[in-house]
1. Among the listed pairs B:Lys614/B:Lys634; A:Lys9/B:Lys432; B:Lys278/B:Lys517; A:Lys77/B:Lys13, which have their C-alpha atoms separated by more than 26 angstrom in this model?
2. Quick one: go through segment A:93-112 and flag any residue whose amide nitrogen is under 15 Å from the point 7 Å out along the Cα-to-Cβ line of B:Arg8.
3. Exactly which trypsin sites (Lys or Arg not before Pro) in segment B:603-705 are in a DSSP loop and have at most 14 other Cβ atoms within 10 Å?
4. Can you give me the C-alpha center-to-center distance between segment A:1-64 and segment B:632-663, rounded to a whole angstrom?
5. When every alpha-carbon pair in the protein assembly as shown is counted, what percent end up more than 43 Å apart?
6. Ratio of alpha-carbon Rg to the 2.2 N^0.38 Å globular estimate for segment B:147-216, to two decimals, please.
7. Want the number for B:Leu511 to B:His675: 0.36 nm per residue separation, take away the alpha-carbon distance, what's left?
8. For B:Leu204, project a label point 7 Å along Cα to C-beta. Then give me every residue of segment B:145-170 with its amide nitrogen under 14 Å of that point.
Amino acid sequence: MVVADNLVKSFPVAGGQKRAVDGLSFRVARGEIFGLLGPNGAGKTTTLRMLSGMILPTSGSARLAGYDVATQPFEVKRVLGFLTANTGLYLRLTPRELLQYFAELHGMDRPAARRRAEHLVDWLDMREFADLRCGSLSTGQRQRVNIGRVLVADPPVLVMDEPTLGLDVISNRLILDFIRRAGDEGKTILLSTHYLDEAEMLCDRIGFLHHGRLIAEGTLEELQRRTGLARLSAIFLKLAAEGTEAAAPAGAGS
Amino acid sequence: MTFRRRVRTIYGKELVDLLRDRRTLIAMIVVPIFLYPVLMLGSLQAITVQTQALGQRAIIVAGLGGADGPQAESLAHLQYEYDRIRALEPSATPASKAPAASSESAPGDAPAAEVEDSAASPPPLQLSWTPCASVEEIEQCVRDRSAHVGVVFEEGLTFSPDRRNRIRILYDREEPRSATAHARLEDVIARVAARINDERREALRLPATYFDPFEVTATNLASPSSILGQILPLILVLMTITGAIYPAIDITAGERERGTLETILACPVPVIDLIVGKFLVVATIAILGAALNLGSVCATVYFGGFNELIATAGQGIPYGQLALILLCLIPFAVLMSAIMMAVCSYARTFKEAQNYVTPVILAVLIPGGFAALPATELRGMMLVVPVGNMVLLTRELLIGAPVGTSELLTVLLSTTLYASAAVAVAAKVFGKESVVFADVESLRSTFDRRLIQPSPRPSLTMALVVTAVLFPAWFFLQSWLQSTRGAENGLGALRRTFAAMPVMFVAVPALVAAYWKVDLRGAFGLGGASVRAWAGAVLLGMSSWIVAREMVVFQHNWFGMSDLAADSAAALERLLRDLSPVELVILLGLIPAVCEEALFRGFLLGAMRSGVRKMTAIAASAAVFAVFHFILAKLPVTFLLGAMLGWVCWTTRSILPGVIVHFMHNTILTLSAAHREWFSFLPQPQEGAQDHLPAGVVLSAIAIFTAGCVLIGRSAPKATGGSAA
Ligand SMILES: Nc1ncnc2c1ncn2[C@@H]1O[C@H](COP(=O)(O)OP(=O)(O)OP(=O)(O)O)[C@@H](O)[C@H]1O
Ligand SMILES: [Mg+2]
């Protein structure tokens, strides 16, 4: 469902280029939940943005549901739901209007968009606040609206960049339940997170990103076997240390 | 989903979103509704309060001696005479009763018109005396403002017929109270004098005409209006800008700050749709704001009866022109919206955007403020100064001054040109990856040459911005060159103009293109062309001048030619005859052919190849080409010429055949104007043919022209095969 092939993204910085993502290749099968882990600045966000067709890869290619992210960004965006913790809502619109707007942006005509918004309001139990402005909603209610927005076109692929960052326990639970339910429904999910217990709990497979490279990939058991450690947090620390060592001579050489 | 539907969806949502914001509503509706009435009432009140205060408050007069001295007595005498007149006149009654009063005192004879007018209702006079010891002390009193005026009766005050009363008044013209007091005293003296005149004349039974052989009525037709009339356009223009600022920030930087930009970019919507939708919303709000401002101005003036504050001669606001004023404000609102959006797109937060906007407003205030000066007129360079031209145009329309079609068009077209460049920049900036996900400093990535990727062709944005900057620059340069020397040296101006052309039209775009790493061959469309294209170009060059000439003659015969245009055409012809043929060919043939083709066809039209449809691109570049010639009468012909050359360039994918056509066209046309005798082999226009060439010549020219077009059209397939891909 998702195929990344030697993806590279470099950003221009003073005195040259910085490779935020450096030759990344991986695959995610249909219905799989794939977790991208890695320290700050590892390139997770950049990778997810490239896979969503929001920024262009410098080189390499990626396909999502068969569409090329570089040449068919709109097709890619059509089959994709994108969610991050700091995604904002239009605070002066009501949830109903907001959902309808995004439905229309996904190509539905007005009546269809209205029906879809209505359906989501019911389904996500937003009745009581569907006609209040988003600005006056609680964080939990806003998260529900956000989930509704992601599901507006019922996309087969979900891309989530640290979706639970900074949420309280209740909102956190809401998001995690949503991810689990979506996984059960057979959606393909790409997830980046810093909460390792979440990853442990949710992900079918985990990719470990460091300095823009994938330095380890596999199911939790595979990673445990490879490192001889049980807890993901321990594995994380070990891999990060290995990655830094591996990168050091290469970094000095370049 | 179509472009239009997406834009409509975005437009609708953004408009609702913005209009629900209290800040938008305040800026858009509340401020204009209250600003003007408050402004006008305030200034009106300031004026009336001042005059009333001055009129009714006692005038403090400094004079020689004490309050019971002879000087004070003379003043009291004067006041007594004045009060006597006031008692005879109808006090504070409408002016219509004044004649009755005067007929009572002067049967059969109307007093002089001037006196009658001002005698309508003489205001009461209150004086208070400040004793002084010397004239110097009086001067001092007036200077330190302890008295309004100083009055010295040189020989007291008597009304015997063989004496003239000499009165000295000391006042300070810069001090409003002093100036008003002086004016009042003068008025009092004039009234008393007029009354005494009347009485003496009556005593002698002389007619009123005996002393007043003249009656002069002068009507001031000058349009300079009062202070408000001058400032109002600036306020109107500024309010239009202000109207655009808040929505522009909210819709760009605000969206990024609230974290919704990423969401919207994850939707299947092209950035251009997004920016167009948003831009239309900003422009709508700016235009709505402009309309509300204008409406509020007019309502205030109309219901408040402030006409005199706007214009002199009691004309007031020309309500019929309102639609036109609004129409002019539309491209302006569009321009400002685009500029604001381009600027704000760079910002990550609301605060940052406000910081970026401030210098822009200052930059706008300079031409705007200059234009608001009473002495600035809507002509010459001011026609193309952004913002300044709009302030002036609004002022002229507002005070009901006549505005010529060509001035109006120049202002509108130049504003439209600037606006489209600004829109292109806004779209470019907004869609930039480095700006959207601005983790590094985004401005730098546009201007830091190391970060720029080479490209084969200039972007539309670059071409539009270069053209938009060149346009006023070229205009300034031309008027400057023409003004530096007198008419005697028209040749010099001509030479300098065409010497400047390569710099402006070729060097400037070439430098810009080189800096942004654009391939120069591509930038100017210097590719080779097929043999057919060359042959076609020669045929077009041979014949197009006749077609153009016939069109001009046709236009003159049908629409007439203004004397000005005829004069300047004749002057140009004389000028051309003074040039040597070689110079003529180089200056008027070669240089414009190369430079204009390079800029308008190579740079501008070339940039439009990706993304703009053929017909739109050709028409747009031809319009810009025509506007660059600055002469209204030539607009249709230059537009058509530009369209033809654009078509040639688009079809052959090179500017070179166009250069040939343009060169031949210009050369033959100017030579035939300057040296008619060389063209005696051609049958000349017959008598009564209104300057048209004989039909045979015209028809053959059309035939050759058509053949040229066919050849060029045939040269296309091989070349256009590439563009389809
Ligand atoms: N637009 C940009 N311009 C320049 N550099 C960027 C840009 N976006 C990201 N980077 C750099 O690329 C690297 C990878 O960033 P990215 O945001 O992908 O990391 P991340 O894994 O998501 O980190 P975090 O866990 O902190 O979210 C960082 O060093 C970052 O500074
Ligand atoms: Mg990140």
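1. Details: B:Lys614/B:Lys634 24 Å; A:Lys9/B:Lys432 15 Å; B:Lys278/B:Lys517 31 Å; A:Lys77/B:Lys13 20 Å.
Violating the 26 Å limit, Cα to Cα: B:Lys278/B:Lys517.
2. Residues A:104-105, A:107-112 qualify, since their backbone N sits under 15 Å from the label point.
3. Numbers: sites: B:Arg609, B:Arg613, B:Lys614, B:Lys634, B:Arg653, B:Arg676; in loops: B:Arg609, B:Arg613, B:Arg653.
Passing sites in segment B:603-705 are B:Arg613.
4. After rounding, the separation between the Cα centres reads 48 Å.
5. Working: 270172 of 478731 pairs.
Everything past 43 Å amounts to 56 percent.
6. Working: Rg = 15.2 Å, N = 70, 2.2 N^0.38 = 11.1 Å.
Cα Rg divided by the expected 2.2 N^0.38 Å: 1.37.
7. Details: separation 164, 0.36 × 164 = 59.04 nm, distance 3.86 nm.
That works out to 55.2 nm of additional length.
8. Under 14 Å, as judged by backbone N against the label point of B:Leu204, lie B:161-163 of segment B:145-170.
Values quoted throughout were computed directly from the atomic coordinates according to the rules given, and no laboratory measurement underlies them. All values reported here derive from a predicted model rather than from experimental measurement. When we count neighbours, we look across all protein chains shown, and the Cβ atoms used for this are built from the backbone with ideal geometry, even at glycine.
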